[in-house]
Amino acid sequence: MAVFTSSIDPSSADFQANRAHFDTLLATLRERIATATGGGRDALIARHHKRGKLLVRDRIDRLIDPGTPFLELSTLAAWGQYENDVPGAGIVTGIGQVHGVPCMAIANDATVKGGSFFHETVKKHVRAQEIAEENRLPCLYLVDCGGAYLPEQDRVFPDKDHFGNTFHRQCRMSAAGIPQISAVFGGCTAGGAYIPALSDETIMVRGNARIHLGGPSIVKVAINETVDGETLGGAEMHTTVSGVSDHLAEDEPHALALMRDIVASLNHTPSLAAPPKPAVPPRYDGDEIAGVISHDRKIPYDVREVIARLVDGSEMREFKPDWGTTLVCVTASIHGHPVGIIGNNGALFSDSSLKGAHFISLCDQRGIPLLFLHNISGFMVGTEAERNGIAKDSAKMVYAMSCAQVPRLSLIIGGSYGAGNYGMCGRGFGPRFLFAWPTAEVATMSADIASNVMTELRRTKEKGAPADEAELQAIEDAVRKQYGEQSDPYYATSRLWDDGLIEPAQTRDVLGLCLAVVMSQPGPRERTPVLRM
Amino acid sequence: MPIQSLLIANRGEIARRVIRTCRAMGIRAVAVYSEADRDAPFVAEADTAVHIGASEARNSYLNMDAVITAARESGAETIHPGYGFLSENAEFAQRCDDEGITFIGPSPEVIRRMGSKIEAKAVAEAAGVPVIPGYHGIDQSDTKLSEEAQRIGTPLLIKASAGGGGRGMRVVDDLDDFSETLQTARAEALSAFGDDAVLLERYLRAPRHVEVQLLCDKHGHCLHLFERDCSIQRNHQKVIEEAPAPGLPDDIRERLTSDAVRLARSIGYDSVGTAEFLWEPESGETFFLEMNTRLQVEHPVTEAVTGLDLVAWQIRVAAGDALPMAQADIVCHGHAIEARIAAEDPANGYAPQVGTVDLYREPDLDGLRVDSGVDTGSDVTPHYDSMIAKVIGSGETRDAALAVLRDGLSRMTVSGIGTNLEFVHDIVGQPAFAAARLHTGFLSDAFPDGWQAHPADERLGAMAAVLALPAPTGGVWNALGPWRITEPSGRRGAGVLYVSGSGMEPVALRVEGQSGTVSVFAEERPVWRADRVQVSDNRLTFREDGARHDIGFVRSGDLVTLYPERGAVTYKALPPEIALLGRKAEQVVADGSAVIAPMPGLVTEIRVNPGDTVKQGDVAVLFEAMKMVQSLAVPRDGIVRAVNCTAGTFAEGRSVLIELEE
């Protein structure tokens, strides 16, 4: 494979301007993650510690193998919603190793609304379970939650992918031999009670952990019995009397040690895929990506400059470099794992769509996982494109991408609009992981185009009075505002449209961690001929 | 006729040492091995290996018939006895002669005469070599010995007549204790040498042990290869040896070497041997101690300063070669210091340690020689001596040799079993050692309350925790270390390990980072913070408070030994489940109603019977393991309920030997 020769000059004015712009984006991202993952709740944290409780991320630090990574997902879930009062949606999810076994940790943050479930909490919990199921990762539930957040119950409880679905998944995974282990650190009432109750093995912490279907107040109302929480559902009672819990932990560190010990004896064989080749750092520093990405979306840049800063040795082998050039297709390695990368250098035409479909089918045939780097305004429009059959050619890429059996990863590095989002394996197509940069924008189209389309529709509307300029301006403002807000990457990540916002300089490591996970379950290998397009 | 095939009637490091010279001389090396040594490195390295019996030395390495049969059947016309075992056994040397096998060593007659301490001293006196006042008589009655003890006075040393290497030696400070100590010394002598005769002599308080290496041939040539200082001894066993003896005045050197040569000549000595002396620097007096008619453990330091291969010369003179060089040709150049590495617990009466070496690694440094008997996977059994390796540093000067030795020791890894590595590293790091203020009481001066592991402190414990984290290698999930997505936002990855050390109870240390900037906390309290932390090749380097630090370390399993300036200190760093879930097992061990075998070994005597009323501290069982007799006392007052062992049988480690009534 050839080493890519960069034509970027880090001392150039363009680079510096790009970098300065990106640095403000990164500063915002860091500040928001810092807020969401800890800061600002000192009084609550102090109360939590006073009860002998550890903070949720401290629990995770003690749970996973010391000195190993933890790939936390969707740190900014619920960002900007509920008056920004539900940081991280009150739950931490992510992948870490316990005794070398990759596991999915699903941990309530009781310092956030008592760990109760909001809409995004459920969504984040379900998404973590989905990742666990796809990759056969044992689920370790660190339970400290008060059940559904009642004022939001219509967005948490009834629908098919709401709270009930988490339990359905727990049952299904257990049946599929994916271990489900719970450690209970606080009160688990009602729905919360079923997380430990539906686990294969359960630990409770003396003094703090409670499990009851109805808490003391509900018991009082329902059957007029007066009872305290410890008697009703304390750790000691459940471990020595009811048998709801299997292990009584003296304190939180003890509970986490017990959980590690359980994982050590799971006899669960799937483990992380070993890289077929040793990892080699890129020749070009990943940190330079901030200066590669144009600060103005209208100024194009070569996506190969981004790829060169993500892949081992900055080495890549390009497929059809001289045909369908608006789609870049390369094979390379990240942290020693081979990967087929598809990136955009402009809109998708018929030829670039066919090239994409061909490349996807090559990678599928060869067992090489796919990585889509989204920076796409859409498929080409216009008479020429339509006459060339862009609708059926773009569909071929969507077919190939949808049906590829190798694991697919997506990374939104810029715009991801309309059908372009489909062709590039957007959220709807179920990539095994999907991350985004703070430059991401996901929408049907950009705010510019949307406002034009909407004002044009009003202008050409046949019924009613003709539009005056003020009304058109009002429409334009409203559409721009809506699209501006909704294509903001924080809007997207808040709603779990991705698995998290990450920095360009972290991206190689995130992708490497993901590849090692997904390649432990590489998918079936039912071959079909490579269909040349 | 040159020797073609040589059987080594020994094991461990010395067997490997002899094999090395055999290779160099084109001689076929035949090893013999016991059941316990089936997989030992020396067995694999020999050209041929013959199984000669069960693990107990008396059934294998001390079994003359088996050794001689092995030599005959393997076609070895020569036997090298190494040290210990049959090396100074006149009967064995005679058997070899009778069988037409060349025994590498002096004649049976010389071995017999020098092997008896009583006779050796008579020989020395006859040759005009001064000896220490004492009683070396045949009359071994309690009355006679007691009389003689009174005559010689205290401090008084009781030694096994047939002994060597410190076994069967006891010091009496108060004559009231004489009878009790005599019985113990006799029992040890009998068990170790099959002969309970002892000798008494005056004990010198601050002498130096200086010994002269001799090399003689069968043609009347007798040379000395200068001297060694072996003053640093524990329980009368050498720990650190060096050549030449630092600060030895020329006239004393001259006297010792000429005394040694004269003594050797007077008995027609014709092999490699060592004459041991005590030198009292203050009085300038020197006394002959004993002669070892074999290769010494510490021969490598002499090899380093003379450039001679002592095993090769031993073989040549045994084959009848005449020494081609004259005394003037032997030059002592540079300096060498040896440390003996033993599987023993120096903080606990040098109790032998047994088990499997899960990781053995020796450093490869200029000027460093390591002679070892073990490798990764080797078992250290209770059947033989606890020494497993020798580390020898050499250089142009004593300081240079010492620097190499210290560096070498700090890079040795022996994990899975306890060793004295920290202890010897501590000895050679003593200012008094650097200043060569040596004497046989060095260790009790340096460690008046006995050696203890350096007290652990949290700062060093924090470093140990960092070092105990897995090395960031392999796949991305390990290579990234404690990686977190939140790191640029200020929340770093951390791991918690439970760290304990000597005098430091286990504490949960939270380690943030692994290289670069590292912070360690106990709960919320900062314990250590450093920048530019780097871990490579057994060195930890970092900046702390503006100063640059560089500390050697060795990690073996859960144990991390650090080598800061003030001396080595070992920490145990455990993951939470090991630290927190192991509580119950420890309680069982702490039970005080039984006498428990401290390790696998032989029950030699049982002093209690069921129903006996015993007091705390009463000796219930004499127990022998790794050539050490231990008195096992009852842990509290009580009545003996059961005796679960039989004298003369082997007991498993941790087995309950004696039970007391509840």
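The values are calculated or read from the model by the stated rules, or taken from the named source; none is laboratory data. Remember, predicted model here, so these are calculated numbers, not experimental data. Neighbour counts are summed over all protein chains in view; Cβ atoms, including those assigned to glycine, are modelled from backbone coordinates with ideal geometry. These accessible areas exclude ligands, DNA and RNA; they are computed on the full protein's heavy atoms, side chains included. Shrake-Rupley method; radii C 1.70, N 1.55, O 1.52, S 1.80 Å.
So how many Å³ per residue does the convex hull of the Cα atoms of region A:256-346 work out to?
Residue-normalised Cα hull volume stands at 164 Å³.
Just name one of A:Pro281, A:Ala400, A:His49: the one whose Cα is farthest towards the positive end of the charge dipole of chain A (beta-carbon charges, Lys/Arg +1, Asp/Glu -1).
Farthest towards the positive end: A:Ala400.
With a 1.4 Å probe and every protein chain left in place, work out the accessible area per residue of the protein assembly as shown in Å², rounded to a whole number.
Result: 40 Å² per residue.
Do any cysteines of chain B lack a neighbour Cys whose Cβ is under 4.7 Å away, and which are they?
If one checks each Cβ against the other cysteines of chain B, B:Cys22, B:Cys96, B:Cys230, B:Cys332, B:Cys645 turn up with nothing under 4.7 Å.
Over all residues in B:408-415, what is the mean tally of Cβ atoms on other chains that come within 10 Å of each residue's Cβ?
Across the residues of B:408-415, the mean count of other-chain Cβ atoms within 10 Å is 0.
Per residue of region A:86-92, in order, report the coupling 6.51 cos²θ - 1.76 cosθ + 1.60 (Karplus, θ = phi - 60°) as ³J(HN,Hα) in whole Hz, putting x for Gly and Pro.
The phi angles translate into 10, x, x, 6, x, 8, 10 Hz.
From the cross-link list B:Lys218/B:Lys627; A:Lys53/A:Lys160; B:Lys390/B:Lys627; A:Lys277/A:Lys355; A:Lys392/A:Lys461, which pairs have alpha carbons spaced over 25 Å apart?
Beyond 25 Å: B:Lys218/B:Lys627; A:Lys53/A:Lys160; A:Lys277/A:Lys355; A:Lys392/A:Lys461.
Output the residues of region B:458-492 meeting this criterion: accessible area (heavy atoms, 1.4 Å probe) in the chain alone minus accessible area with all protein chains in place is 40 Å² or greater.
Buried by 40 Å² or more upon assembly, which counts only protein chains, are B:Val476, B:Trp477, B:Leu480, B:Trp483, B:Arg484, B:Ile485, B:Thr486, B:Pro488, B:Ser489, B:Arg491.
Kindly report, to the nearest 10 Å², the accessible surface of A:Glu236 as traced by a 1.4 Å probe over protein heavy atoms only.
We get 90 Å² for A:Glu236.
About the Cα centre of chain A, what is the dipole size in debye to 20, counting +1 per Lys and Arg Cβ and -1 per Asp and Glu Cβ, all else neutral?
That gives chain A a dipole magnitude of about 1040 debye.
Can you give me the long-range amide H partners of B:Ser271? Hydrogens built in the peptide plane at 1.01 Å from N, cutoff under 5 Å, separation of 5 or more residues or another chain.
HN-HN under 5 Å from B:Ser271: B:Cys216.
Please report, as a whole percent, how much of the solvent-accessible surface of the protein assembly as shown comes from carbon and sulfur atoms (probe radius 1.4 Å).
51
If you add up the charges near B:Asp139, with Lys and Arg at +1 and Asp and Glu at -1, over every other residue whose beta carbon is less than 12 angstrom from its beta carbon, what do you get?
Its environment carries a net charge of -2.
Sum -39500 (n - 2.57) across every DSSP H segment of at least 4 residues in chain B, then divide by the residue count to get the 222 nm mean residue ellipticity, nearest 500.
-7500 deg cm²/dmol
Where the centroid of each part is defined by its Cα atoms, how far is region B:503-548 from region A:224-257 in Å?
Cα centroid to Cα centroid, the span is 38 Å.
Please list 3J(HN,Hα) in residue order for region A:141-148, calculated via the Karplus relation 6.51 cos²θ - 1.76 cosθ + 1.60 where θ = phi - 60°; whole Hz, with x for glycine and proline.
So the Karplus estimates, Gly and Pro as x, are 8, 9, 8, 7, 9, x, x, 5 Hz.
Tell me the total accessible area that A and B bury against each other, 1.4 angstrom probe, in square angstrom rounded to 100.
3100
Along Cα→Cβ, 7 Å out, is where each label goes; now give me the distance between the ones at A:Asp85 and A:Gln521 in nm to one decimal.
So the two model labels end up 3.8 nm from each other.
Name the residues whose placed amide hydrogens come within less than 5 Å of the amide hydrogen of B:Leu602, ignoring near sequence neighbours (fewer than 5 apart) on the same chain.
HN-HN under 5 Å from B:Leu602: B:Glu624, B:Ala625, B:Ala651.
For region A:55-264, what is the charge dipole size about the Cα centre, in debye to the nearest 20, if Lys and Arg each add +1 at the Cβ and Asp and Glu each add -1 at the Cβ?
Dipole about the Cα centre, nearest 20: 340 debye.
Residue by residue, what Karplus-based ³J(HN,Hα) values in Hz, rounded to whole numbers, does region B:439-447 have, using 6.51, -1.76 and 1.60 with θ = phi - 60° and x for Gly and Pro?
Result, ordered by residue: 6, 5, x, 3, 5, 6, 6, 6, 10 Hz.
What is the set of long-range amide H partners of A:Thr75 at a cut-off below 5 Å, with H atoms built 1.01 Å from backbone N?
Those qualifying (amide H under 5 Å, at least 5 residues apart or on another chain) are A:Leu501.
Residues of region A:60-74 losing 20 Å² or more of accessible surface, assembly versus chain alone, probe 1.4 Å, please list them.
By number: A:Asp61, A:Arg62, A:Pro66, A:Gly67, A:Thr68, A:Pro69, A:Phe70, A:Glu72.
Go ahead and estimate [θ] at 222 nm for chain A from helices alone: -39,500 (n - 2.57) per DSSP H run with n ≥ 4, summed, over the residue count, rounded to 500.
Mean residue ellipticity at 222 nm (helix-derived): -12000 deg cm²/dmol.
In chain B, if the dipole is taken from +1 on Lys/Arg beta carbons and -1 on Asp/Glu beta carbons about the Cα centre, which of B:Ala522, B:Tyr61, B:Ala312 is farthest to the positive end?
It is B:Ala522, whose Cα lies furthest towards the positive end.
Rounded to the nearest 5, what is the percent of antiparallel bridges among the DSSP beta bridges in region A:55-264?
Of all bridge pairs located within region A:55-264, approximately 40 percent are antiparallel.
With +1 on each Lys and Arg Cβ and -1 on each Asp and Glu Cβ, how big is the dipole of the protein assembly as shown about its Cα centre, in debye rounded to the nearest 20?
It comes to approximately 3620 debye.
Counting DSSP beta bridges in the protein assembly as shown, what percent are antiparallel, to the nearest 5?
Around 75 percent of the beta bridges assigned by DSSP in the protein assembly as shown are antiparallel ones.
At a 10 angstrom cut-off on C-beta neighbours, averaged per residue, how do the peptides B:308-320, B:292-304 rank from highest to lowest?
So the order, starting with the most tightly packed, is B:292-304, B:308-320.
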